[in-house]
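**Q** Here's a structure for you.
Nothing in this text is a laboratory measurement; each read-out follows from the coordinates by a stated rule. Note that the structure is predicted; figures quoted are calculated from it, not measured. Note: ideal-geometry Cβ built from the backbone for every residue, glycine included; neighbour counts use all protein chains shown.
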Amino acid sequence: MSDGSSNHSISVPYFDSLPQKFSEGDVDALLAFGRHLHWGYWSDPTKADGSVADFAIAAENLSRLVTDVAEIQDGLSILDVGCGFGGTIASLNERFCSMHLVGININTEQLLRAETTVQALPNNHIKFVDADACQLPFSDDYFDVVLAVESIFAFSSREYFFREARRILRPGGRLTICDFIPIQAFYRTWKLIEKATKTLVVRTYGSRSVNFCPLFEYKKLASATGFELVKTENITRNTLPTYPVVNSLMRREGDEETYRATRGLERLSRRGLLQYMILSFQISPS
Ligand SMILES: C[S@@+](CC[C@H](N)C(=O)[O-])C[C@H]1O[C@@H](n2cnc3c(N)ncnc32)[C@H](O)[C@@H]1O
């Protein structure tokens, strides 16, 4: 296991290329990823129409679903870890009031876009901070809810992140995440083939490895760090229409490596070996 130490030099090749695409006027890239850097959620996936505009709505719906699972309401203090371009913070800002919203990211270019595009509505406060998920620069008992929307797999250590989240959450606080979670039987096989795919994944998504964590490991992690898993939503089926849209954007842009890695995720997801889940953890009563 990694020591969870800060590493501001991690690059995320695919996401790093987006600001340039935006500045070159790539309308589809901007619509697909200008606000959210995550998959879409369709309550009825048979109604997905395959367009980029439909995907953008579904990406907003994923943020809303995660924040609903976290039971967010007016007046709370929320930390979004690995906040991308600030899309989930923007969504919370538009839906709730008297909010104290903080997004952190290790990627300064993404933070810059978040700061320039997401403006606090009256009565809300928003701050974006350059920080590592495993070394959170906040005092103890500071937030009501910690979110990590499709970002935890990139952190250097889930354990350090959970410990930090536990430290900065107030009593009764919640940690809500979404992640690609392998079923237990596949996880054993995955450990065997992980090495073979590592190079492609690092070049594409920039993480040290795919770093999957099965549900039984999440439960162990929760109990070792002072949490209990209180909600599990398997929304794999509702996210599948993401793939045709994202695949065709990558193909069109000639981004062959990202396309291949994402096709791999798609195959595993369609076969039911990888599940897209929202998990919500509550601080264990002491
Ligand atoms: C797939 S993107 C998701 C972004 C955002 N949560 C969203 O849903 O739009 C993963 C994000 O995690 C950020 N990230 C990766 N490692 C991180 C770390 N150690 N600490 C903070 N953020 C990190 C990346 O820069 C990127 O913004």
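**Q** Where does the chain land at 222 nm, in deg cm²/dmol rounded to the nearest 500, when only DSSP H runs of n ≥ 4 count, each adding -39500 (n - 2.57), divided by all residues? Working shown, then result.
**A** On the way: 12 runs with 128 residues, N = 286.
Value at 222 nm, helices only, nearest 500: -13500 deg cm²/dmol.
**Q** Moving on to the next point. Mind giving me the nanometre distance, one decimal, between the label points for His125 and Arg251, set 7 Å out from Cα along Cα→Cβ?
**A** The two pseudo-label positions are separated by 4.9 nm.
**Q** Let me ask something else about it. Take every DSSP beta bridge with both residues inside the chain and express the antiparallel ones as a percent of the total, to the nearest 5. Please report the intermediate quantities before stating the final value.
**A** Numbers: 17 of 37 bridges.
That works out to approximately 45 percent antiparallel.
**Q** What length, rounded to one decimal in nm, is gained on full extension from Thr46 through to Glu159, with 0.36 nm per residue of separation minus their alpha-carbon distance? Write down the numbers at each step before the final one.
**A** Values: separation 113, 0.36 × 113 = 40.68 nm, distance 3.74 nm.
The span from Thr46 to Glu159 would gain 36.9 nm if fully extended.
**Q** Would you mind computing, in nm to one decimal, how far apart the modelled labels at Leu31 and Ser286 are, each placed 7 Å from Cα along Cα→Cβ?
**A** Result for the modelled spin labels: 5.2 nm.
**Q** If one computes the Cα centroid of the range 214-231 and of the range 57-75, what distance in Å separates the two points?
**A** If you average the Cα positions of each part, the centres end up 22 Å apart.
**Q** Separate question: Would you mind counting up the charge near Met250? Only other residues with Cβ under 13 Å from its Cβ, with Lys and Arg at +1 and Asp and Glu at -1. If you can, show how the numbers build up before the last one.
**A** Numbers: positive: Lys21, Arg251, Arg252, Arg260, Arg263; negative: Asp26, Asp28, Glu253, Asp255, Glu256, Glu257, Glu266.
With Lys, Arg at +1 and Asp, Glu at -1, the neighbours total -2.
**Q** Let me ask something else. If each residue's Cβ is checked for other Cβ atoms within 10 Å, how do His100, His38, His125 rank with the fewest at the top? Kindly include the intermediate steps, with their values, before the conclusion.
**A** Working: His100 17, His38 22, His125 12.
Fewest-to-most ranking of His100, His38, His125: His125, His100, His38.
**Q** So for the chain, what percent of the C-alpha to C-alpha distances run longer than 24 Å? Please report the intermediate quantities before stating the final value.
**A** Numbers: 19628 of 40755 pairs.
Value for the chain: 48 percent of Cα pairs lie more than 24 Å apart.
**Q** Give me the one-decimal nm value for the distance between modelled label points at Gln20 and Arg260, 7 Å along each residue's Cα-to-Cβ direction.
**A** Going by the 7 Å Cα→Cβ label model, 2.0 nm.
**Q** What shape does the range 18-114 take by its C-alpha gyration tensor, where a ≥ b ≥ c are the square roots of the eigenvalues and a/c under 1.5 counts as rounded, a/b above b/c as prolate, and the rest as oblate?
**A** Values: a/c = 2.44, a/b = 1.15, b/c = 2.12.
Verdict is oblate for the range 18-114.
**Q** Report the relative contact order of the range 13-283, percent, no decimals, based on alpha-carbon pairs under 8 angstrom and at least 6 residues apart.
**A** Working: 496 pairs, mean separation 54.1, N = 271.
Rounded, it is 20 percent for the range 13-283.
**Q** Net charge near Phe180: determine it from the other residues with C-beta under 12 Å of the C-beta of Phe180, scoring Lys and Arg +1 and Asp and Glu -1.
**A** Numbers: positive: none; negative: Glu150, Asp179, Glu266.
So the surrounding residues net to -3.
**Q** May I pose another question? Are there any helices in the chain, counted as whole DSSP H runs, that stretch 30 Å or more along their axis by Cα and score at least -1.0 on average by Kyte-Doolittle, and if so which?
**A** Working: long enough: none.
Once both thresholds are applied, nothing remains.
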